[in-house]
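For reference, the structure is listed below as structure tokens.
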Amino acid sequence: MTKKLLYFNGLAILAVILFHSIGWGFTAMFSWFHRYLPVGVDPAVQIGTSAYYSFRFIEQLVSFCIAGFLFVSGFFVAFTTPAKETTISWKTVLNRVKFLVIPYLLWTTLFVALNFAEGNQLPLRVLALFYFTGASTPAYYFVILLVQLYLLSPFLVPLARNHWKILLVVTGLMQVAFHLLQYPLIIGSNSPFIVNISVLFPKWLFLVRLFWFCLGMVIGFHRDLIKKWVENKTLLWGSLTILFFVAGMVEWEILFRASGLPWIETRETLIDALYALTFLLTFLSFNGALPLKSFTEKIGSQSFGIYLVHIPVMELVSRSIYHFAPWLLGQAVLFAFIIAITGLIIPITFMWLVRKSPLQKTYKVIFG
């Protein structure tokens, strides 16, 4: 099981790249449509097209990625906790946090510099949000979330070892509550109660995804026990994964139309969480040959650096196409494909060049 998780980490980062490229594809369809559609044409005409459903299919398919990353991180905590110790050492935790924080600060500062270069005024409050919540991009919140979870891990390890059922039940109920909160937000509820609760539980706060990290720790500490009811049940878990995948596709269309809005922000629903869980269990139960194993494991070993770098790369490529090749925006699938390929190849190439150059000593500072 342990050996398979590097491969799973590779799947997760590839899924993240696809997810974000699809996000840019939808941006082209519903926010940048004026660059290629005739004046007066409603961008809603693109809803229901083959490009639209292709995007929705891929978006649903890869929606396991954040849960997957957190699961692997929790498993890593269990794997690095000595059997004779009561919990993971603070030295190990702080080394891991340093591995995350230093490159994060560097890349966040890059986004701050780009904002200033564009003439954007960044008050102190905004700068604080950039650095302390990951708000400089829609994706960097994940680093802040992961840092919190690692800092909590010395307190969570004893629970994952000795009271794992209670831990999973409590954090599982918290996860369900978080996902149920998304429904009124998706359909555009203006209820002060719902809005205030959502403000209190932003996506960068550890509480909203604590379950996945704890699940990774529990399976890491109780591998032999978990194997008994996970392994050799690939057909069961795979069937449930397909069921929740289809349900997620249908659910999104229902919610989208119920909102009455031209477009709605992607949010994780309860069905998405069930899909992620069954996808994970399907992977853990699978004993066959893994496709592109060497490539995917190599990607998995570089996942954090790729995660940090692909965000500015995608934005730069997308903006360049917007200004210099707007006709590509009208070819939504091709546009998203270009964003995905460059979002993977350029970070990998950049990381390789740094490793092979005199800057190799700064590799961990830049990429973790």
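What follows is calculated from the coordinates using simple rules that are stated; it is not laboratory data. What you see is a predicted model, and the numbers here were worked out from it, not measured in a lab. For neighbour counting, all protein chains shown are included, and Cβ atoms are generated from backbone atoms with ideal geometry for every residue, glycine included.
Can you give the local net charge around residue 300? Use residues other than it whose beta-carbon is closer than 15 angstrom to its beta-carbon, Lys and Arg +1, Asp and Glu -1.
On the way: positive: 3, 4, 293, 298; negative: 297.
Overall, the nearby charge balance is +3.
Step through the residues of the range 241-258 one at a time and calculate ³J(HN,Hα) from phi using the Karplus curve (6.51 cos²θ - 1.76 cosθ + 1.60, θ = phi - 60°), rounding each to whole Hz and writing x for Gly and Pro.
Once rounded to whole Hz, the list reads 4, 5, 4, 6, 5, 5, 4, x, 4, 5, 4, 4, 5, 5, 5, 4, 6, 5.
Using a/c under 1.5 as the rounded threshold, could you call the range 233-367 rounded, prolate or oblate? The axes a ≥ b ≥ c are square roots of the C-alpha gyration tensor eigenvalues, and prolate needs a/b larger than b/c, oblate otherwise. It would help to have the intermediate numbers written out before the result.
Numbers: a/c = 2.46, a/b = 1.22, b/c = 2.01.
Oblate.
For residue 165, go through the lysines and keep the ones whose alpha-carbon is under 19 Å away, minus same-chain ones fewer than eight residues off.
Filter leaves 227, 228.
Sort 81, 109 so the one with the fewest other Cβ atoms within 10 Å of its own Cβ comes first.
109, 81
What list do you get for 85, 59 if you sort them by fewest beta carbons within 10 Å?
Neighbour counts put them in this order, fewest first: 85, 59.
Sort 314, 174, 217 by Cβ crowding within 10 Å, fewest neighbours at the top.
Least crowded to most crowded, the residues run 174, 314, 217.
Expressed as a rounded percentage, what relative contact order does the chain have, with Cα pairs under 8 Å and six or more residues apart?
32
Calculate one ³J(HN,Hα) per residue across the range 201-209 by plugging θ = phi - 60° into the Karplus curve 6.51 cos²θ - 1.76 cosθ + 1.60, and present them in order as whole Hz with x for glycine and proline.
Going residue by residue, I get 10, x, 5, 8, 7, 4, 4, 6, 9 Hz, with x marking Gly and Pro.
Rounded to whole Hz and in sequence order, give me ³J(HN,Hα) for the range 109-123 from the Karplus expression 6.51 cos²θ - 1.76 cosθ + 1.60, θ = phi - 60°, writing x for Gly and Pro.
4, 4, 5, 4, 4, 5, 5, 5, 4, 7, x, 7, 7, 10, x
Whole Å is fine, so just give me how far the alpha carbon centre of the range 145-196 lies from that of the range 325-360.
Between the Cα centre of the range 145-196 and that of the range 325-360, the gap is 34 Å.
Show that you can apply the helix-only estimate: for the chain, add -39,500 (n - 2.57) for every DSSP H stretch of four or more residues, divide by all residues, and state [θ] at 222 nm to the nearest 500.
So the calculated ellipticity at 222 nm is -24500 deg cm²/dmol.
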